[in-house]
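Beneath this line is the structure, given in structure tokens, with notes to follow.
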Ligand code: HEC
């Protein structure tokens, strides 16, 4: 497919992915919130049919809404019952298409980085797919085989296994691809929870009401598992969103040990979610929430500073402007033309990663100077440009750009 054709697929899939994802996550957060805010029925309501488990009053866009939670005991199945599942399915499918278009088919973003591991694109794709599948299987196994007897042990097992797979991703894939594949692995687990656990449990519930006119009085193993995985999904949401956006932040993924910022995003996101979950029963949640957010941001500050001062995965060239003398702009321009101009031009020779990526062009001196700070950040500090060093920029050239950036007026 042509480069612009892939770009169109990318655009459409991303659009669907965002909309479906917002609908899925929005619903799931709203239900979680409702469940935690239900008011228990009064004694009188206990004689009602169906007996309510709890109820809640809500106000939204010009009207009051009253929602009641019930297990329908003794009441007939309503003629119209709304299920929510297509949002989850559409989010996963559009995400799969995006991974294919952007990373796996090759072209829009690098899967490999020779300075991380010397593997081919094909091997990297297999590592990505294998890791995502392995993560999903480990999670399913922990949930089906261990959680019914020992839920905490199951959680510990899958959290450790997923951490291990994430570290493997960072040791084999380009850092940006590693972040995204950890996100895709977690997203796949979330969607798998809907398909393999939540939907079957709901079907079971509906069948029980239809067959006997009442929901099972003892909560079945399937329902108990549906509740557990739905809580897991709730905790995974915040980390996944941060991982999916991480590709915009080169200082984050260019850390010498990319698993560290990944762990911070995951742990920070889940911890913030936890405080938000317990806030209805935990009086002093506000300062704790503020402290959790601050601790996450402070940890990000520390790792991003490390990335910036340690020159990404490799050391930045030492800049000594005083002894090496000033740099001529003509030399800088020559380097940029050779190593960046194939992509970053109004009429690029290389359109494999899109036409004029990020809209950044280095055709004129003014354009180059206007982007001096980002050129320094991407080519010298984080070394994330040229992507996977496709145009084989040399150390001496990076050092030249570093000296040039150091002599520019700030
Ligand atoms: C093979 C094509 C290619 C080459 C060569 C290339 N880039 Fe990029 N560049 C991209 C792509 C794709 C993006 C958008 C994705 C991203 O930001 O990682 C991008 C984005 C950028 C951005 C904008 C985003 C930001 O972080 O500000 C800058 C600046 C940049 N590149 C600088 C450079 C410099 C400097 C060089 C040469 C040393 C270079 N690029 C070489 C493909 C290329």
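A few comments on the model shown:
- Tabulated pairs, the stretch 269-291, first farther than 21 Å from residue 241 by Cβ and outside the structural domain of residue 183 (by TED's automatic domain parsing), second at pLDDT below 95 and assigned to a helix (DSSP H, G or I), C-beta under 6 angstrom, 6+ apart or interchain: 280/36
- One residue alone among 31, 83, 93 is assigned by TED's automatic domain parsing to the domain that holds residue 235 and outside any helix (DSSP H, G or I), and that residue is 83.
- Between 196, 179, 164, the distinction of being within 16 Å of the ligand (Cβ to nearest atom) and either surrounded by fewer than 22 Cβ atoms within 10 Å (Cβ to Cβ) or at pLDDT 90 or above (or both) belongs to 179 only.
- The stretch 6-30: number of residues that are within 24 Å of residue 82 (Cα to Cα) and loosely packed, with under 14 Cβ neighbours inside 10 Å: 5
Residues are listed down the side, and each one gets a yes or a no for (1) under 24 Å from residue 25 (Cα atoms); (2) modelled with pLDDT of 95 or more; (3) buried (at least 18 other Cβ atoms within 10 Å of the Cβ); (4) over 18 Å from the mean Cα position of the chain (by Cα):
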position	(1), (2), (3), (4)
146	no, no, no, yes
168	no, yes, no, no
175	no, no, yes, no
188	yes, yes, yes, no
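- Residue 98 vs. criteria touching a helix residue (DSSP H, G or I) at 6+ places or on another chain (Cβ under 7 Å) and either loosely packed, with under 12 Cβ neighbours inside 10 Å or closer than 30 Å to residue 382 by Cβ (or both): yes
- Exactly one residue among 349, 388, 345 is surrounded by fewer than 16 Cβ atoms within 10 Å (Cβ to Cβ) and either closer than 22 Å to residue 2 by Cβ or within 10 Å of the ligand (Cβ to nearest atom) (or both), and that residue is 349.
- Entry remark, the stretch 390-404: residues being under 18 Å from residue 368 (Cα atoms) and touching a residue at least 60 places away in the same chain (Cβ under 8 Å) number 8 in total.
- Of the residues 78, 114, the single one that is assigned to a loop (DSSP other than H, G, I, E, B), over 20 Å from the mean Cα position of the chain (by Cα) and under 30 Å from residue 26 (Cα atoms) is 78.
- Residues in the stretch 108-122 that are within 15 Å of the ligand (Cβ to nearest atom) and touching a helix residue (DSSP H, G or I) at 6+ places or on another chain (Cβ under 8 Å) were compared, and the one that is farthest from residue 9 (Cα to Cα) is 115.
- Residue within the stretch 206-218 that is crowded, with 19+ Cβ neighbours inside 10 Å, in the same structural domain as residue 154 (by TED's automatic domain parsing) and over 24 Å from the mean Cα position of the chain (by Cα) present: yes
- Residue count for the stretch 1-51, restricted to those that are touching a residue at least 12 places away in the same chain (Cβ under 8 Å), under 24 Å from residue 282 (Cβ atoms) and touching a helix residue (DSSP H, G or I) at 6+ places or on another chain (Cβ under 9 Å): 5
The values are calculated or read from the model by the stated rules, or taken from the named source; none is laboratory data. Everything quoted here is computed from the prediction, not taken from an experiment. Every residue, glycine among them, receives a Cβ derived from its backbone with ideal geometry; neighbour counts consider all protein chains shown.
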